[in-house]
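Only one structure is covered here, and it is reproduced in the block below.
The values are calculated or read from the model by the stated rules, or taken from the named source; none is laboratory data. These numbers were taken from a predicted model, which means no experiment stands behind them. When we count neighbours, we look across all protein chains shown, and the Cβ atoms used for this are built from the backbone with ideal geometry, even at glycine.
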Amino acid sequence: MNIWSALEPSQLINLTIIVPLVGAALVVLLGKNPNLRESISIATAVILFTLVLGITDNTFNQLNMATSWVDFLPGLNIAFSVEPLGVLFALVASFLWIITTIYAIGYMRGHNEENQTRFYCCFALAISSVMAICFSSNLLTLFIFYELLTLSTYPLVTHAGNKNAKRGGRVYLGILLSTSIAFLLFAILATWVSTGTLEFTPGGIFTDAQSSSLVSLLLVLFCYGVGKAALMPFHRWLPAAMVAPTPVSALLHAVAVVKAGVFSILKIVIYIFGIDNLSQISTTDVMLYIGAATVLFSSFVAMTKDNLKARLAYSTVSQLSYIVVGALLASSIAFAGASLHIVTHAVGKITLFFCAGSIFVTTHKKNISEMASLGRKMPLTMIAFTIGALSIIGLPPMAGTWSKWYLVVGALEADKLIILMVLTISSLLNVAYLLPIPIRAFFTPADQRSQSWSWSETSEAPWPSLLAITVTSVMCLVLFFYPQPIIELVNLIPGVSTDINGGT
Amino acid sequence: MTELIDLVLLGMLAITALRIIFLKDLFAVVMLFGIYSFLSALIFVNLDAVDVAFTEASVGAGISTVLMLGTLALTGRKEKTNNHTTFLPLLVVVITGAALIYGTLDMPPFGDPDNPAQQHVAPRYIQDSPQEIGLPNMVTSVLASYRGFDTLGETAVVFAAAIGVLSLLGLPKHEKAAIESGLKSHLVLRVVAKLIVPLTLLFALYVQFHGDYGPGGGFQAGVIAAAAIILYALVFGLPMATHVIQPTLLKALAAIGVLIYAGTGFASFFLGGNFLDYNVLASDPVAGQHIGIILIELGVGVTVFAAMLSIFYAFAGQAERANIQ
Amino acid sequence: MFEQHSPVLPIILPLIAAPICILLGRSQLAWLFATFISALGFGISIGLMLTTLDQGVLSYSLGGWEPPWGIEVRVDAASALVLCVVTGISSLVLVYAKESIAKEIDSSQHTLYYTAHLLCLAGLSGILSTGDAFNLFVFLEISSLATYTLVSLASDKRCLTAAFRYLIMGTIGATFILIGVGMMYMKTGTLNMLDLAARISEYDSSRTLNTGLAFILVGVSIKLALFPLHMWLPPAYTHAPSAVSAFLASTATKVAVYVMVRFIFTIYGAEYVFHTMGMDTILLVLAIVAIFKCSFMATVQSNVKTVLAYSSVAQIGYMILGISLVSTLGLTAGLLHIFNHALMKGALFMAVGAVLLRTGSVDIKAFQGLGKQMPLTMAAFTIAGLSIIGVPLTAGFVSKWYLVTAALEQQEWTVAFLVLAGSLLAIIYVGRILEAAYFKNPAEGTTYKEAPLLMLIPLWILVFANIYFGIDTSMSVGAADTAAQWLTQPSSSPATALSVNMGGATQ
Amino acid sequence: MSFIVDYYNYWIVVFLMMAGFYIVISANNLVKKIVGLNIFQTSVFMLYISIGNVSGGSAPIVADGITRYSNPLPHVLILTAIVVGVATTSVGLALIVRIKRAYGTVEENEFEDKDDLI
């Protein structure tokens, strides 16, 4: 599993950040030759994934990996170290990058997009930032790459370059930069001034020396400061970002960027506040209920959207809040559920986005109302869509089952029945806004003629895209039957366990 | 007695200033300003500041007034009435004035020899400078030696002003203008001017080199010499003047004056002293001081003469242009 | 042999070079010579910086007369830091100027431009190095006169009214400083800064000294364009030639901030200014109003140079805010922002100058589509713009970090939040320009070439400096921190020959 | 009474300064502004010279039989300041000449748009 065992473990971290950068540079250099450019993209993605696998292997072997780049300020440096939660996220992001690149080749060519070099280059830059966020060992490093991620995805969001793209980009950048500067940076600085450290430390860094009101305030600031987690009312950027080409929406706005947001919240909760201390903070419940409200409210909004990508976007907002809720339940098992949800939601939602993109490329249809009887034309795509939707809803035999299960158990353990109800209602709402799409595609005839269906009717998306869709939908199934490695990884997170009552 | 004269002069100044505020005729305003300058020069004399009085008279009442008149000739002599609100400026002035009055309440009494200002640094200039520098005029000693760096800066300011005016207005080309200019038709003026100009130049030289012993020095001398040429230009016309002293030469002279001054400073470098340390210029420190002061006063004189004259040329050149048009 | 004279060289080299430029006559020669002198000054300044950090304060007696009788040039870490900024920016701007002024200034005046630039540089260096309060006034006037000239060199007639307004305001400011220095002299009998400090500390409070301080602070505030005395700055920076805007925006106001620091911390002492007079609250409020009012003004301008000018006033607010926090950390933040802001604003104005050169306009419409047509220039503008916003890995982020930390250290939570909120406005005004550059299409049928190499090189040097000092902060923060420590606790600065001297002088 | 004798000089000087300052900020005509600036500065010079005055002293030029001299330092400072003043004046006036040529007026309220207002 670890083909990089010859290298020193800490070098692996550097490589995960640098390899995508090199990839980006090569993409720019080879921009004139599309075949070469895209081969490089895939090769980089594959290398990156093997690197992350190597890191995963080392993590299971309890090897410490840490590296420090520069001393930014006295007592504060840009440094990286590996911990299980980060590995989990890195695995998801790097694996799905391969798939997305394959998909993107089909999509971008099928759609004859312009500026493809810029697209692949920024994509690699964004992944590099994501890796740095995964392995950041202090808040400063996290913040720096969080901002770089925002900036490197901005050109992707505004890829089309038209008026809509500009408006979307404005909202995107405006909300993400504003919240991060006004709240997140403020919270980080306040933490720095009051505790003198920003290191991610198991059990948290706040002690009795900090007043409880300060810590409560900081929790709110952190939750809202991480605008990428799309907690209401700062969720508007995510639907706005849907002007981007679908591969971007798929990877970044269903996986990398938004997950970087919730990942940051998870990391802050566990390593800055500490799960155990969470219940003593007065604002935890406030944020918890705001998260719960976001879950419900955005599900309702999703139901009203006819545009498929917009509906998926609001669904993402809702699902992200699951993770926030899981983090703030102050229960070890809920936290495990939240961590797992990063993985399961990622494979489920990326499948849905891939399908949406394929539909758009093949039929140029954006709206759900136009998709009647699409199952005749794109049966494979629509089957994949069904699988993804079931996973998001959390029905067996799909991956989403596990994370929802743990979240529900966590809510019970924390004695928060309201949250339990919210989770249940939200699952029903998921059914209500996701399942009608495949049902409509398969069972509503477009017109009155009722010929029997034959293969010749089909016109699927280009084969690379189809391949990607197949892989992710299979993943949804595989992760249901074989979730063990992931769960083991989650159990390595200090203070987190999938066993009831915190395990042993 | 001194106090009484002081009081009377100050009263006259106050009246002049008030009149200037309300007058709309700019020509009168500028003339009143000249009077204001002269009156303040008198006050300076009364307060024993003879060098300052000399300078104020030649600069404030002389050069500044001439330049203002030159400007008025180009811009018109009437200030137009305006509907500006006077409330805000008045408020600002009253507040500033009140702050100053508040500040005066703690000031050491006027003229008291025991004031801090007279106690700390100044006594050395009064007691030791005649020995250390060897000059009777303490003002020159302080100006040229103890605070010679200030004076270098001052020379640079004059040079900068010349650069500024030249870049804004440009120098007149020295060529015979097609039309008659100046006041050549007035015989009396011509004769008087012919008499006065050389005398003034001679006086300038006297002021230049006598500054060590009495009031005067490079700055005043430069201004006076410039005034002589200005008079010449006024009577015989700018083209004649530019023929005598070419504008490009003036530009070079202004630069050379600064170079003489700074060069003296650099000479101290090479002779092992600090910048502007004249002691090292000769074997005997006092002699060295003397050489140094003569050199830098020369630098000041040359720069001021050239700068003031070229500024005048620039203004006069504008007026000439306006006349031609 | 010049080493012992190094404290005075940054002043007199440009001072003597200016008349030589006039004598050289040809503008090409003048350009080469001025650039050489400026670069030499930069080298000496860096040397001074290293020496002061290593050995402490350098003192040099002009004319061999020991202070307080003679004039002293006194270079400490604070002076050396700003000196490096001024000479460094000046060198880059001079390199940049050759191509830039070719279009903006009439060719007959190029030599005058270089001369005025050198005079301005000499004046600014003099202000930074002198240890004498009156000498400071003289150098202030040299730099001011040169500045008025520089501003008025542009071909647009509006530069004239801008320069005139600047002249009137600037002279009022200088005269206020003169009044203040006079009042200080009246109570102490000395003009040397250290000597003044020693003698002022004998007074608990004195009306004359209070008034003197008030006049000096108001005068300096005009010079540094502190809100609401900033009205001269936007037109001056808007209508001046681009090279001049780039130079002034990154040096002139910074030097004025330095003067304020000098008067507050060295001469009067923070105790007197902030406790006895309660100036900190006033400065703090003005700084915050400046940040918001002027950032907002920047968001509604259509002339990009005006946008940058208003942004400058807002950024000056940040510097003053650092000072008004009355702590070593706050002062460090203020000094650091002087350094960092020079890097960003210099780069921004240079980029705009390049646009002006190619398109002939600096209206925001002129930026449409430039992202494709002048990619290098606009990339530089983007990075410098991100630095203004305070995005991580740029110099601007480091400034913000220190400012907020300093505010939080003083338990000023609201202030800390406002500092960050202020940068949100920067997102808007920078974003508007970037949107025009990257999303709008250029007007029909216009194609512009990339800026000439001689402009791109200094521009990109500044951009790289923005990134470098955003990542490796040891140099900039180290110098600012040392400077702030010495300013706030004079006793912690290494003993020097002069302080021994002074013991005798103040008897 | 001695209070008044001690300070009348300063007070009148303050009045003169403020008269000059008022002209600078209230005048509509640019030339008049410059005149005001000169009056303002000249009055400040008087403040300095007053500081250096010593009752019963004489001009600071060594002469036999005189023991008490006025303070030469303020004189030196003001010599420099006067020069600075005339330098500023000449540049200001040159600007006015150019403004007149460019705008056709030197009255502040007659400039074309708000941006040009001084």
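Within segment C:148-198, the set of residues being among the aromatic types (Phe, Trp, Tyr) and over 22 Å from C:Thr238 (Cα atoms) comprises C:Phe176, C:Tyr185.
Let's see how each residue does on (1) in contact with a His (Cβ under 6 Å, 6 or more places away or on another chain); (2) polar (S, T, N, Q):
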residue: B:Leu42; (1), (2): no, no
residue: B:Val45; (1), (2): no, no
residue: B:Ala49; (1), (2): yes, no
residue: B:Ala53; (1), (2): no, no
residue: B:Ala61; (1), (2): no, no
residue: B:Ser64; (1), (2): no, yes
residue: B:Gly76; (1), (2): no, no
residue: B:Thr81; (1), (2): no, yes
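Under the condition of being among the basic types (Lys, Arg) and facing chain B (nearest Cβ under 7 Å), the residues counted in segment D:21-45 number 1. Scanning segment C:434-448 for residues that are more than 16 Å from A:Asn162 (Cα to Cα) and either polar (S, T, N, Q) or outside any loop (DSSP other than H, G, I, E, B) (or both) returns C:Thr446, C:Thr447. Comparison of A:Leu148, A:Leu156, A:Leu139 shows that the only residue that is crowded, with 24+ Cβ neighbours inside 10 Å, at pLDDT 85 or above and not β-branched (Val, Ile, Thr) is A:Leu139.
Regarding D:Met18, is this residue out of contact with any Gly (no Cβ under 9 Å at 6 or more places or on another chain) and either on the phi > 0 side of the Ramachandran plot or at the interface with chain B (Cβ under 7 Å from one of its Cβ atoms) (or both)? No: the conditions fail for D:Met18.
Taken over segment C:173-182, the criterion of being of a type in the set (A, V, I, L, M, F, W, C) and either more than 10 Å from chain B (Cβ to nearest Cβ) or in contact with a Pro (Cβ under 6 Å, 6 or more places away or on another chain) (or both) is satisfied by C:Ala174, C:Ile177, C:Leu178, C:Val181.
Among the residues of segment D:56-67, those identified as within 7 Å of another protein chain (Cβ to nearest Cβ) and over 24 Å from the mean Cα position of the chain (by Cα) are D:Gly57, D:Ser58, D:Ile61, D:Val62.
Among residues of segment C:183-194 that are more than 8 Å from chain B (Cβ to nearest Cβ), those with a beta-carbon under 9 Å from a residue that is part of a helix (DSSP H, G or I) and β-branched (Val, Ile, Thr) at least six positions away or on a different chain give the pairs C:Met184/C:Ile200; C:Met184/C:Thr208; C:Met184/C:Ile216; C:Met184/C:Ile267; C:Met193/C:Thr266; C:Met193/C:Ile267; C:Leu194/C:Thr266; C:Leu194/C:Ile267.
Could you say which residue among A:His235, A:His253 is in a helix (DSSP H, G or I), buried (at least 24 other Cβ atoms within 10 Å of the Cβ) and touching a residue at least 60 places away in the same chain (Cβ under 8 Å)?
Working: A:His235 fails: in a helix (DSSP H, G or I).
Within the list A:His235, A:His253, the selection yields A:His253.
Residue by residue through segment A:166-188, note down the ones that are surrounded by 20 or more Cβ atoms within 10 Å (Cβ to Cβ) and aliphatic (A, V, I, L, M). Within segment A:166-188, A:Leu173, A:Ile175, A:Leu176, A:Leu177, A:Ile181, A:Ala182, A:Leu184, A:Leu185, A:Ala187, A:Ile188 qualify.
Among C:Arg158, C:Arg165, which is within 7 Å of another protein chain (Cβ to nearest Cβ), of a type in the set (Lys, Arg), closer than 24 Å to D:Val35 by Cβ and touching a helix residue (DSSP H, G or I) at 6+ places or on another chain (Cβ under 9 Å)? That would be C:Arg165, the only listed residue that is within 7 Å of another protein chain (Cβ to nearest Cβ), of a type in the set (Lys, Arg), closer than 24 Å to D:Val35 by Cβ and touching a helix residue (DSSP H, G or I) at 6+ places or on another chain (Cβ under 9 Å). Say whether the condition of being out of contact with any Lys or Arg (no Cβ under 6 Å at 6 or more places or on another chain), more than 9 Å from every other protein chain (Cβ to nearest Cβ) and touching a residue at least 60 places away in the same chain (Cβ under 8 Å) is met by at least one residue in segment B:91-108. So far as segment B:91-108 goes, no, none of its residues is out of contact with any Lys or Arg (no Cβ under 6 Å at 6 or more places or on another chain), more than 9 Å from every other protein chain (Cβ to nearest Cβ) and touching a residue at least 60 places away in the same chain (Cβ under 8 Å). Selection of segment C:380-423 for residues being hydroxyl-bearing (Ser, Thr, Tyr) and surrounded by fewer than 24 Cβ atoms within 10 Å (Cβ to Cβ) yields C:Thr382, C:Thr405, C:Thr414.
Would a scan of segment D:73-84 turn up a residue that is within 15 Å of D:Gly20 (Cβ to Cβ), facing chain B (nearest Cβ under 7 Å), modelled with pLDDT of 90 or more and out of contact with any Leu (no Cβ under 7 Å at 6 or more places or on another chain)? Within segment D:73-84, one or more residues are within 15 Å of D:Gly20 (Cβ to Cβ), facing chain B (nearest Cβ under 7 Å), modelled with pLDDT of 90 or more and out of contact with any Leu (no Cβ under 7 Å at 6 or more places or on another chain).
Summed over segment C:24-65, the residues that are within 13 Å of another protein chain (Cβ to nearest Cβ), within 28 Å of C:Asn192 (Cα to Cα) and small (Gly, Ala, Ser) give a count of 4.
Those helices (runs of 4 or more DSSP H) of segment B:234-325 in which at least 1 residues are within 11 Å of chain C (Cβ to nearest Cβ), at pLDDT below 90 and farther than 30 Å from B:Val66 by Cβ, considering only elements entirely within it, cover B:247-270, B:285-324. Every condition in (1) within 7 Å of chain C (Cβ to nearest Cβ); (2) buried (at least 24 other Cβ atoms within 10 Å of the Cβ) holds for B:Pro116 except the one numbered (2).
Taking the stated definitions as given, is B:Phe38 of a type in the set (Phe, Trp, Tyr) and over 21 Å from D:Pro72 (Cβ atoms)? Criteria met by B:Phe38.
Scanning segment B:1-36 for residues that are surrounded by fewer than 23 Cβ atoms within 10 Å (Cβ to Cβ), facing chain D (nearest Cβ under 9 Å) and under 20 Å from the mean Cα position of the chain (by Cα) gives a single hit, B:Leu32.
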